[in-house]
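J.: Please read through the structure below; I'll follow up with questions.
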Amino acid sequence: LAFVAVPIFLYFFGNFEKRSILMETLSIITILGFTLLLSQFFTSRLNKTLVKKIRMVNVLATHKFVGYVFISVLLLHPFFIIVPKFFDKGVTPTDAFLILITTFSSTGVILGLIAYTSIVILLTTSYFRFKLHLKYKTWRNLHGYLTLLFIITATWHVINIGRHSNTSFSVYYILALTSGIYYLLRNYLFKASKKWKRQPNLLAAPRQSMY
C-alpha cells in the first residue's frame, strides 16, 4: 500500500503540469515501477514475518515477479522520454536519444546511466544465473551490491532531474530508500553477528594436560 497508494496520492495532489493522457500514463507507470522496486527490500526472504504468513515459495515468487516486471518497465524509461518526439515537430526521436545517452554535463543524466547499466546487469545475472554458472553465495552478494548501486543512483537521479521530484516526492523517496537499506543491513549484520557469536572461542578453551 505504501508503495502504490502513497505515490499515486502524491502524483495527483502534487500540482504538476498536466500533459497528454499518453504522457501522464507513462509517468504513472514509471513512478509505480520505481516505487515497487523500492518495495523489493521488504518482499524478500529476509522478511521473516512475510515468510511465515505466505510461505517462502510464495515470497520468492512475488519477489521475482515484481522484479522482472518492473525492471522491464524501467528499462523502457528512456524510450518513454523519447515517445513525445514522435508527435513533435522539433527534435527527432533519434536525435533526442543520442542527446540523452551522450550528455555527460548533467549529474542527473550520469546517475541515470549508472543506474540503467546496473539494472541491466542485475536483470541479466538474475535471469541467466545458472547458465553463467554462478555459485549461490556469489550471485547473492552480486545481487545485493548491484541492487544497492541501482537504488541509490536511481533515487538520486529521480530527485535531481525527475519531472515529478517536488519536496513531497523527494522526502518519500529518501524515507523509502533509507528504510530499505536499514532493513537490509540490519538483517545481514544481525545474521553475521549471530553467526559469529555461535562460533566456539578456541582461545578460551581450556588446555588439556599433556601428562
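The values are calculated or read from the model by the stated rules, or taken from the named source; none is laboratory data. Fair warning: this is a prediction, and the values are worked out from it, not measured in the lab. Cβ placement follows ideal geometry from the backbone for every residue including glycine, while neighbour counts extend to all protein chains displayed. Side chains included, ligands, DNA and RNA excluded: accessible areas come from the protein's heavy atoms. Shrake-Rupley method; radii C 1.70, N 1.55, O 1.52, S 1.80 Å.
J.: Tally time: how many residues in the stretch 20-60 are closer than 25 Å to residue 155 by Cα, of a type in the set (Ser, Thr, Tyr) and not in a helix (DSSP H, G or I)?
T.: 2
J.: I'd like the full set of residues that are surrounded by 14 or more Cβ atoms within 10 Å (Cβ to Cβ) and among the aliphatic types (A, V, I, L, M), limited to the stretch 92-120.
T.: 96, 100, 109, 110, 111, 113, 114, 115, 119, 120, listed by residue number.
J.: Kindly evaluate residue 189 against the criterion of being at pLDDT below 95 and within 13 Å of the chain's Cα centre (by Cα).
T.: no
J.: Would you check if residue 160 is surrounded by 14 or more Cβ atoms within 10 Å (Cβ to Cβ), closer than 22 Å to residue 45 by Cα and at pLDDT 65 or above?
T.: No, not satisfied.
Yes/no per residue for (1) open to solvent by 70 Å² or more (accessible area, probe 1.4 Å); (2) more than 14 Å from the chain's Cα centre (by Cα); (3) modelled with pLDDT of 90 or more:
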position	(1), (2), (3)
11	no, yes, yes
18	yes, yes, no
28	no, yes, yes
32	no, no, yes
38	no, no, yes
53	yes, yes, no
63	no, no, no
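J.: Which residues, counting only those in the stretch 1-19, are closer than 19 Å to residue 163 by Cα and not in a helix (DSSP H, G or I)?
T.: Scanning the stretch 1-19 gives 3, 4, 13, 14, 15, 16, 17, 18, 19.
J.: Now for a different question. Residue pairs, Cβ under 8 Å, 6 or more apart or interchain, first in the stretch 113-124 and at pLDDT below 95, second among the aromatic types (Phe, Trp, Tyr) and open to solvent by 70 Å² or more (accessible area, probe 1.4 Å). List them.
T.: Listed by first residue and then by second, the contacts come to 123/68.
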